[in-house]
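Engineer: Mind having a look at this structure? Questions to follow.
The values are calculated or read from the model by the stated rules, or taken from the named source; none is laboratory data. Since this is a predicted model, take the numbers as computed values, not measurements. Cβ sites come from the backbone with ideal geometry, for glycine too, and all protein chains shown count toward neighbours. Note: areas computed on protein heavy atoms with side chains; ligands, DNA, RNA excluded. Shrake-Rupley method; radii C 1.70, N 1.55, O 1.52, S 1.80 Å.
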Amino acid sequence: MHVGQELTIEHIRQAAKALQGVTVMTPLQESVYINDLLGARVFFKLENLQRTGSFKLRGAYNRIRQLTPEELKRGVIAASAGNHAQGVALAAGLVGTTSLIYMPEGASLTKIESTRGYGADICLFGETFDDAYHEAERVAQETGRVLIPAFNDPAIIAGQGTIALEMLDERPHLDVLVVPVGGGGLIAGMALAAKEQNCRIKVIGVQTDSVPAFVLSRQEHRVVEAHGGRTIADGIAVKRPGDLTFELVEQYVDDVVTVSEHDISRAILIFLERTKLVVEGAGAVGLAAILAGKIPLGLGTVGVVVSGGNIDVTLLNRIIEKGLVEEGRQVHLKTTVGDRPGQLARVLRRVAELKANVIRVEHERWNPQLSPAEVAIQMVLETRNVEHVQQLVTKLREDGYDVEILN
């Protein structure tokens with residue numbers, strides 16, 4: 001199909017046939033822990049386990065497979081924060097053409113290297129997806145390469161919509177679909193497919209409150225650009241919705257809500273610890289919205305799209321450490337004691353008696369703020385919960401230690 005052609009569920013069904021043998025049928029599974037935590041049944045569509053680590057291969061392949069022989073000779077070009085890049089790179093290789101990908105300069109190193117590994121040439125440009133996209137548009141006009149949009153294209157939307165077909169084929173009685181929203185290609189295709197099969201199903205999108213482009217646009221009933229900030233959900237940090245995707249979202253989507261960076265971090269940590277799944281920020285926003293009370297669970301059984309798992313390991317490490325601190329499972333303490341033999345041993349012995357586990361200790365006497373008779377001790381401790389931290393600090397202060405929490 002081509003830009004300007006009306007998108008129907010039949011196009012999505014045709015895309016599903018074309019994707020057989022290209023994409024994998026990702027699991028739709030629930031977590032006993034999460035169900036018990038929420039008091040509801042929630043099924044997660046695990047597109048983080050898809051080829052390239054996200055759903056983006058679906059739309060990219062569906063678009064590129066329709067190129068003419070002449071277009072295939074010229075090659076394709078795209079802009080992406082990472083996931084669309086990998087989808088385009090793999091799809092281009094599968095159909096026998098070349099790919100040139102523009103990515104923001106701050107794109108995840110993991111996504112950059114993965115995209116290069118699928119055979120694409122990479123150019124880093126600008127601070128945001130939008131910067132990279134405008135440059136890709138310019139280069140496409142100069143070189144004749146075919147621009148493969150990340151979301152604002154009927155064939156892309158149709159490919160992403162195949163996820164809804166799979167979910168409803170496996171669980172026909174889902175009452176709510178919760179979908180991450182960036183440029184809108186995923187939710188537009190899924191909402192069309194879902195509503196055409198069951199007009200009563202609710203489709204709710206989730207954005208980060210750092211870049212709430214669809215929320216602002218729906219309030220104005222026109223496409224509005226968001227001037228957002230930094231977010232760990234880089235895969236949905238799109239400042240301006242597509243015209244086509246916005247039109248479909250207005251028609252088929254019931255609501256779009258936002259979540260905070262804290263909400264997203266918490267969801268990533270729960271996925272990792274409780275379901276053993278590695279999920280990127282954009283992929284975690286659905287669970288984040290449910291945990292934050294943004295999705296009314298009284299509507300029935302919920303299906304959540306986990307859109308990707310391509311998270312940089314250094315970011316994941318920061319999220320884990322921050323999450324442990326917020327839950328009171330790790331604490332960084334500082335105290336000052338007299339510089340005499342045995343003082344450090346006494347402090348550590350008392351910490352052990354209070355059932356905290358020492359992860360790291362720093363023993364400092366050269367700080368100019370200390371007197372010659374003092375030494376500073378910093379400890380990173382493993383604790384059980386917030387209450388345990390409070391108990392630990394209280395007991396140490398009662399013992400005469402001037403304890404400061406450095407978290």
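Engineer: The range 260-407: percent of C-alpha pairs farther apart than 28 Å?
Structural biologist: Tail of the P(r) past 28 Å holds 39 percent of the pairs.
Engineer: Sticking with this one: As a check on your grasp of the helix formula, calculate [θ] at 222 nm for the chain: sum -39500 (n - 2.57) over DSSP H runs of n ≥ 4, divide by the residue count, round to the nearest 500.
Structural biologist: -13500 deg cm²/dmol
Engineer: Which order do you get for HIS227, HIS84 if you rank them by accessible area with a 1.4 Å probe, largest at the top?
Structural biologist: HIS227, HIS84
Engineer: Springs between alpha-carbon atoms under 10 Å, Gaussian network over the chain: tell me which of GLY119, GLY96, GLY189 tops the mean-square fluctuations.
Structural biologist: Highest fluctuation of the listed residues: GLY96.
Engineer: State in Å² the accessible area per residue of the range 322-407; use a 1.4 Å probe, count heavy atoms of protein chains only, and round to the nearest integer.
Structural biologist: Each residue of the range 322-407 exposes 62 Å² on average to a 1.4 Å probe.
Engineer: Of the cross-linked pairs LYS195/LYS276; LYS111/LYS294; LYS45/LYS294, which ones have a Cα-Cα span greater than 23 Å in the structure shown?
Structural biologist: In this structure, LYS195/LYS276; LYS111/LYS294 lie more than 23 Å apart at Cα.
Engineer: Protein chains only, probe 1.4 Å: how do GLU137, GLU247, GLU6 rank by accessible area, largest first?
Structural biologist: So the residues, ranked largest to smallest area, are GLU6, GLU247, GLU137.
Engineer: Please work out which option in (i) -0.51, -0.63, -0.96, -1.17; (ii) -0.39, -0.49, -0.79, -0.99; (iii) -0.30, -0.40, -0.76, -1.07 gives log10 I(q)/I(0) by the Debye sum over Cα atoms at q = 0.07, 0.08, 0.11, 0.13 Å⁻¹ calculated from these coordinates, and answer with its label.
Structural biologist: (ii)
Engineer: Right, here's the next one. Please compute the modelled spin-label separation between VAL361 and ARG346, points set 7 Å along Cα→Cβ, answer in nm with one decimal.
Structural biologist: Each label point is offset 7 Å from its Cα along the Cβ direction, giving 1.4 nm.
Engineer: Follow-up question, since we're still on this one. With every protein chain left in place and a probe of 1.4 Å, what is the accessible surface of LYS202, to the nearest 10 Å²?
Structural biologist: Roll a 1.4 Å probe over it and LYS202 shows about 80 Å².
Engineer: While we're on this one: Rounded to the nearest 5, what % of DSSP beta bridges with both residues in the chain are antiparallel?
Structural biologist: Beta bridges within the chain, antiparallel portion: roughly 45 percent.
Engineer: Let me check I have the definition right: for the range 303-354, take the eigenvalues of the Cα gyration tensor, multiply each by 5, take square roots. What are those semi-axes in whole Å, largest first?
Structural biologist: Gyration-tensor ellipsoid for the range 303-354: 40, 13, 8 Å.
Engineer: Show LYS294, LYS322 ordered by accessible area, largest first, where the area counts protein heavy atoms only and the probe is 1.4 Å.
Structural biologist: Final ranking, largest accessible area leading: LYS322, LYS294.
Engineer: Moving on. Provide, as a two-decimal number, the C-alpha radius of gyration of the range 317-404 over 2.2 N^0.38 Å, N being how many residues it has.
Structural biologist: My calculation over the Cα atoms of the range 317-404 gives 1.11.
Engineer: How much accessible area per residue does the range 1-151 have, counting only protein heavy atoms and a probe of 1.4 Å, in square angstrom?
Structural biologist: About 44 Å² of surface per residue is accessible.
Engineer: Roughly how many Å is it from the Cα centre of the range 286-365 to that of the range 76-122, as a whole number?
Structural biologist: Using only Cα atoms to place each centre, the spacing works out to 34 Å.
Engineer: Need one value: the accessible area of HIS134 in square angstrom, 1.4 angstrom probe, rounded to the nearest 10.
Structural biologist: Approximately 110 Å² for this residue.
Engineer: Given a 1.4 angstrom probe, I'd like the percentage of the accessible area of the range 1-129 that is carbon and sulfur, rounded to a whole number.
Structural biologist: 52
Engineer: Something else now. For the chain, modelled as a Gaussian network with Cα springs under 10 Å, which listed residue fluctuates most, GLN66, GLN86, GLN369?
Structural biologist: Result: GLN369 has the largest fluctuation of those listed.
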